[in-house]
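K.L.:
Here's a structure for you.
The numbers here are math on the coordinates, done by the rules we state, and not lab data. All figures in this text were calculated on a predicted structure; none of them were measured in a lab. Reconstructed Cβ throughout: ideal geometry from the backbone, glycine too, with neighbour counts over all protein chains shown.
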Ligand SMILES: Cc1ncc(C[n+]2csc(CCOP(=O)(O)OP(=O)(O)O)c2C)c(N)n1
Ligand SMILES: Cc1ncc(C[n+]2csc(CCOP(=O)(O)OP(=O)(O)O)c2C)c(N)n1
Ligand SMILES: [Mg+2]
Ligand SMILES: [Mg+2]
């Protein structure tokens, strides 16, 4: 090993266990340090550091004007962010919980998503809307919604969902750097998930819009993202003993959607299950299954199946385990992929 | 003909050409006359009779308290309707245009949709939210959105879309009579569509949740609803000369979804195209295609295709004809249903 | 358009725009410059002793309920509890000021108001325990579900009060919201609807100084939250939220006005959240001890106790009796909350719609199968 | 908790709740009871003649723009036009009061303000003609896109003004909204943010008496819309919206206050919409002729013309010159609007995202094929 390499190694900094929340916080910090136009705003993001502590330390390091506790009004927050972006800033908005982004729906759908298009490119809006989302943390009503279906059905928005610590950092940096509005969905129950990671030299990640095969396999493809990735990885491990070698594709973003990677995988395996926590009906799974089928029809041995949350309002925490798609349901769906045809 | 029959015929009233807007207005009137708990509220619904004149005459006949011009605030309107329903009234809300329902999104999603479930059945909310929706009328920005994808992804809401004059009356009466919240999507460009219809003795229609085969056929199934039904009917006529006998299924409601009728049709024809005006990506078509494929996989000669609006913000009126799925696009999709396999 | 023949400029009097009506006098709508108080003033002598003692009993019981609920979070019996410790005067007065036929619209912090209105102490906690979103039939005690999305309950209160008035029922709705909640659009829309409709509704803002970590000064620049009333054309009232008697009086007047057709009122009660936002929050991150300490001297129980003791209405013995009653309530709550709630997972599908849809039937069947398989398996394990 | 030793009730002075600060004086925030006027009062004599004549010219030009645009709807050259006839004083004053570096946030009715600020008269109409959502680069004249969803532009103005202040730029934002728009939650949230942030923004409410068919009395019960300011802690100002000089003065003061760091102001201009809501609306369904007639006597052009003529600043000849200029503008507009806009359907996919997504590329390719096929076919037809 040459000295130069050693120095680079040192500069790269130590690889330590980090939580997703820490990686997200670091992404905000680094973005703010590099680019003075990056501003963070939201409820309790300043002094408190956010209810999930993702913005911890930012107000101290960059001042209240760069990391701002706003009045309690989500339409106002996003609307103000639109105006800030119109003036050339790069606002990063935190919505406190998924369901509390709904008051900002009109600003998101009728303005953030449409401003670039409306002005024929003259006025892009580089806004990142961070939304802690999904269930599994025992939250009371309105604290566990999965609302990606709403956002993906809104042309003009990017919809990004990290599932790993590395992606949390990398995708958030990319989102903030993007000149388009990004709805950045942070899986609440992965906030405290840990991985070895270097804050000083974070590993580069694939660009937004690229799906990644997290586990290669030959029997069938599990298509998933965000909070359901760990479930699928676990299911894939468990499937080995059943004789299935499952491939796991992490979408990483719903918009843009990576048809190539997904279709290539399904063409190889001939079978697919889409797994997500959001309700099934009208959820992302329908779109994904339809796209895959359009592209891979003659490669499919069985219809693309979906494992999703039930078509019910998110249940009380004591009942949520029945609602959330777990390993068993994924394996059950895999079992229903018409393996008889094989033999 | 016996005298009794003649009298019944007279009582039934004359069958005259009526527009969808007239049938909707009549449905409101009859519901209000029959049930004193039915209240209409919204912007300009009183004196003006609504910008589409659907509520014309109601304030005069039933008074301002039954048909109320509210302040200009959609969350307030729907929120007040929630409270009125909690007290036992049966509010019918008019949202002036599709995109102007977005300010009420939180009230719709977090309250209207969830109240019955939250209170374990103790407090159902019989609210009908009428939304003039879709494009094709040359409306300026924000006046032509199709937002059914948002509503169908929200458990607890019914989503109903009439496509005929008879259904306009019948489905609206059923929606108002329903003890659950209904998002009632009125295709703007069909408001002035006419059909022979008797206001005095409106023909009964199938219940909400039942799809109807509007045109039987054997070659392939067009699955559609609302503003795209006439397009599909026209396409089916045009297809005859190409040698295709198309079946047209009118869904009439997305929630509940009539899997039986749709799957039965596709099993018969072996091919299907979903047609809607809403953007394709994340739109209803994905869900429908996925459901159909799950149920009819081995009957399908080709993947279920989708003809939909592009994945773009609704364009300016002078460009909308390029965006809206028309007869040619439907026929083009039918042509892509892999007919070679046939011969 | 032709140029008209005009008199010289000085000769014509400015006329107001044609449709302009002389303004309603805003003066009666404006709140007094300082929060209204009774305790410690001469007015206290005129208060009904029975009411005072009732308020006192409820305050003590309420405080005990708060401390017990917080203790239950530590024991893992309650997932989360947003305590109203320090705010009991508002909670209790809001409950007591209403008639049985009236309606209460609590926010997520107002379990105590619901309990003081007669709701079973356990049923009030199911949302926060996590077994049921709403543990009670709202119609039984006319208490709307505890509401989590801030300020969204306010238009409900307006709609309900409006509906009652239309039906000719003599019903008032009282809706509770926090200082932070006043920033939401729904607050604005609700108050405007209420005023335009002259709906019999009273809005009680508990200004407890914070929205989680955000202090009032970052929430508003208004002279007071009560001043917002003027912009809707309703009276705004400012009251010391730790003075139970004052809160009861001010709310009582507002309820009476609403009842006699006088329309809505906005009441701002100035109080303080003595505990953290919830048990999961760390208040030391955003406020100092000295502020909390100052408010401890202004504790609502202390204020009332001082007054009652000073006027001979309360002595050590009566205080003891009141506290014992509160202890009994707490013990009962503890005991009941120690039992695990019995839940049926199939309930998930029961109340989504009046009639279960086909797809829900399918999903329910799938879950039933899973549960039976689980059951068989665990049965098999037991048999082994 | 122990019972403390207390002095007798009468002996202790009530103390305010600890964190309670004496209120800001609401008095300076309250609007005067009647709309401020200049024309026809002695104050008019002090106004700058040059400004008066400039205002007059713009009013006449603005009226002509309005009538021309409405005429274009009849000729099918404009899909729809929400005329600001009768409201020109507000439109023009809003435009003229701003510096070049400032920003204007118009509502869908305010094409005229945009034009008076320098926007090309045709570019201002693309939204309403239907060829482009926004026919101009907002940064060129610092005019935000004409905004259709009511009140949603107000938080944008606040955010932009806030951003400018943070950057140290001397920029003021002026945002326009109607009386109806004040009922929306976004109005509330924007004003609150502006006041808390002391953002350099001026809110101009054109109270023209109606929101489509809904009269002000069904919109609010407030003494005036300007009174809403108090609830945010900003000054509220009430002005005769048909008195161009008064509007210019009141807005000018508000802009100056914003510029020197004094924070936002809410200005209510009392005016009247002389035409129907748009050409598609039938105003006879909800209002009588006599009301319109009364306002005709209070026409903004008439008021100013009277004053200027009375004081010898204007005569038939100068009026003629002004009108000729307006006619030339109208003729130019007519001519330009007679040309069909040339549109490229492929534009539909160009500005959805910075980088076209794969699915948009596919869809664009499909449309291109369709268009080519169409083209070939019509070509073939022509050749036949
Ligand atoms: C619409 C919405 N946004 C955000 C939240 C998250 N949240 C819960 S409590 C709270 C602070 C509430 O402050 P305040 O209204 O003053 O009530 P308090 O907690 O002081 O009783 C916030 C931001 C929410 N529940 N609803
Ligand atoms: C959020 C929203 N709701 C409804 C509408 C439909 N709408 C267009 S103009 C209008 C009335 C607006 O009245 P006002 O604010 O007084 O402005 P004016 O038309 O008088 O200029 C309505 C209800 C809209 N554009 N946006
Ligand atoms: Mg508070
Ligand atoms: Mg108006």
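K.L.:
At q = 0.07 Å⁻¹, work out log10 I(q)/I(0) for chain A with the Debye formula, treating every Cα as an identical point scatterer and leaving solvent out; two decimals please.
P.N.:
Log10 I(q)/I(0), no solvent term: -0.30.
K.L.:
At residue A:336 and residue A:34, where each label point lies 7 Å from the Cα along Cα→Cβ, what is the point-to-point distance in nanometres?
P.N.:
So the two model labels end up 4.4 nm from each other.
K.L.:
Need one number: nm distance between label points at residue B:16 and residue D:344, each 7 Å from Cα along Cα→Cβ, rounded to one decimal.
P.N.:
It works out to 5.3 nm between the two label points.
K.L.:
Give me C:141, C:375 sorted ascending by neighbouring Cβ count inside 10 Å, so fewest comes first.
P.N.:
Details: C:141 19, C:375 10.
Ordered from fewest to most neighbouring Cβ atoms within 10 Å, C:141, C:375 come out as C:375, C:141.
K.L.:
Using only the alpha-carbon atoms, what does the stretch B:81-169 span along each of its principal axes? Please give whole angstrom values in decreasing order.
P.N.:
Sorted from largest, the Cα extents of the stretch B:81-169 read 44, 29, 21 Å.
K.L.:
OK, next. Per DSSP H run of at least 4 residues, take -39500 (n - 2.57); add these up for chain B, divide by its residues and hand me the 222 nm value, nearest 500 deg cm²/dmol.
P.N.:
Details: 12 runs with 114 residues, N = 343.
Calculated at 222 nm, the ellipticity per residue is -9500 deg cm²/dmol.
K.L.:
Can you list, shortest first in nanometers, how far residue B:299 lies from the same residue in the other copies, with each label 7 Å from Cα toward Cβ?
P.N.:
2.7
K.L.:
Nearest 10 degrees is fine. How inclined is helix A:165-177 to the longest principal axis of chain A, computing both from alpha carbons?
P.N.:
50
K.L.:
For chain D, with a Gaussian network of springs between Cα atoms less than 10 Å apart, report the residue from D:26, D:200, D:155 with the top mean-square fluctuation.
P.N.:
D:26
K.L.:
If you don't mind, there's one more thing I want to ask. Residue C:343 label points, 7 Å along Cα→Cβ, one per copy: pairwise distances from this copy to the rest in nm, shortest first?
P.N.:
Shortest to longest, the spacings are 5.3 nm.
K.L.:
Please give the Cα centre distance for the stretch D:229-269 versus the stretch B:34-54, rounded to the nearest Å.
P.N.:
Using only Cα atoms to place each centre, the spacing works out to 37 Å.
K.L.:
Could you tell me the largest-minus-smallest coordinate of the C-alpha atoms of the stretch A:172-320 on each of the three principal axes, in descending order and whole angstroms?
P.N.:
45, 38, 34
K.L.:
Further question: Please report, largest first and rounded to whole Å, the three semi-axes of the ellipsoid equivalent to the stretch A:15-197, where each semi-axis is the square root of five times an eigenvalue of the C-alpha gyration tensor.
P.N.:
On the way: eigenvalues 106, 70, 50 Å².
Those come to 23, 19, 16 Å.
K.L.:
Further, regarding this structure: Counting alpha carbon pairs within less than 8 Å and at least 6 residues apart, what relative contact order, in whole percent, applies to the stretch A:212-342?
P.N.:
Details: 235 pairs, mean separation 34.3, N = 131.
So the answer I get is 26 percent.
K.L.:
Take every DSSP beta bridge with both residues inside the stretch B:15-197 and express the antiparallel ones as a percent of the total, to the nearest 5.
P.N.:
On the way: 4 of 24 bridges.
In the stretch B:15-197, approximately 15 percent of DSSP beta bridges are antiparallel ones.
K.L.:
Could you let me know the centre-to-centre spacing of the stretch D:290-310 and the stretch C:90-129, using Cα atoms, in angstrom?
P.N.:
One Cα centre to the other: 58 Å.
K.L.:
Relative contact order for chain A using alpha-carbon pairs under 8 Å, separation at least 6, rounded to a whole percent? Spell out each step's value before the answer.
P.N.:
Numbers: 748 pairs, mean separation 53.5, N = 343.
Relative contact order for chain A comes out at 16 percent.
K.L.:
Right, another one. Just to confirm my numbers, what's the Cα centroid distance between the stretch A:105-133 and the stretch B:91-168 in Å?
P.N.:
23
K.L.:
Let me ask you something else. Output needed for the stretch C:325-384: three equivalent-ellipsoid semi-axes, defined as square roots of 5 times the C-alpha gyration tensor eigenvalues, in descending order, whole Å. Please list the in-between numbers first.
P.N.:
Numbers: eigenvalues 229, 106, 3 Å².
Square roots of five times the eigenvalues give 34, 23, 4 Å.
K.L.:
OK, next. For chain C, what does -39500 (n - 2.57) per DSSP helix run (n ≥ 4), summed and divided by total residues, give at 222 nm, in deg cm²/dmol to the nearest 500?
P.N.:
After summing the helix terms and dividing by residue count, I get -13500 deg cm²/dmol.
K.L.:
Follow-up. How long is the stretch B:9-123 along each principal axis, judged by its Cα atoms, biggest number first, in Å?
P.N.:
48, 29, 23
K.L.:
So, one more: Just the Kirkwood number for the protein assembly as shown, please: inverse of mean 1/r across all distinct Cα pairs, in Å, one decimal. Spell out each step's value before the answer.
P.N.:
Numbers: mean 1/r = 0.0299 Å⁻¹.
Across the protein assembly as shown, the inverse of the average 1/r is 33.4 Å.
K.L.:
State the Kirkwood hydrodynamic radius of the stretch C:187-333 in Å, one decimal place, computed from all pairs of distinct Cα atoms.
P.N.:
By the Kirkwood definition, the hydrodynamic radius is 17.7 Å.
K.L.:
Please order A:228, A:241, B:146 by the number of other Cβ within 10 Å, starting at the fewest.
P.N.:
On the way: A:228 30, A:241 7, B:146 26.
Least crowded to most crowded, the residues run A:241, B:146, A:228.
K.L.:
Evaluate 2.2 N^0.38 Å with N set to the residue count of chain D, then give the Cα radius of gyration divided by it.
P.N.:
Expressed relative to 2.2 N^0.38 Å, the Cα Rg reads 1.20.
K.L.:
Working from the alpha-carbon coordinates of the stretch C:268-384, get Rg over Rh, Rh being the Kirkwood radius. Spell out each step's value before the answer.
P.N.:
On the way: Rg = 26.0 Å, Rh = 20.8 Å.
Radius of gyration over Kirkwood radius for the stretch C:268-384 works out to 1.25.
K.L.:
Between chains C and D there is a rotation axis; tell me the chain C residue with the nearest beta carbon and how many whole Å away it sits.
P.N.:
C:185, 1
K.L.:
Which distance in nm do the two modelled labels at residue C:313 and residue C:361 give, with both placed 7 Å along the Cα-to-Cβ direction?
P.N.:
6.2
K.L.:
I've got another one for you. Counting DSSP beta bridges in chain B, what percent are antiparallel, to the nearest 5?
P.N.:
Numbers: 9 of 41 bridges.
Bridges in chain B that DSSP calls antiparallel: roughly 20 percent.
K.L.:
Does anyone have the angle between helix D:49-74 and the longest principal axis of chain D? Alpha-carbon axes, 0 to 90°, nearest 10?
P.N.:
50
K.L.:
Here is a follow-up. Quick check on the exposure proxy: order B:114, A:60, A:188 from fewest to most C-beta atoms within 10 angstrom. Show your work: numbers first, answer last.
P.N.:
Working: B:114 27, A:60 12, A:188 23.
Fewest to most other Cβ atoms nearby, the residues stand as A:60, A:188, B:114.
K.L.:
While we're looking at this one, here's another question. For label points placed 7 Å from Cα toward Cβ, what is the shortest-first list of nm distances from residue D:50 to its copies?
P.N.:
7.9
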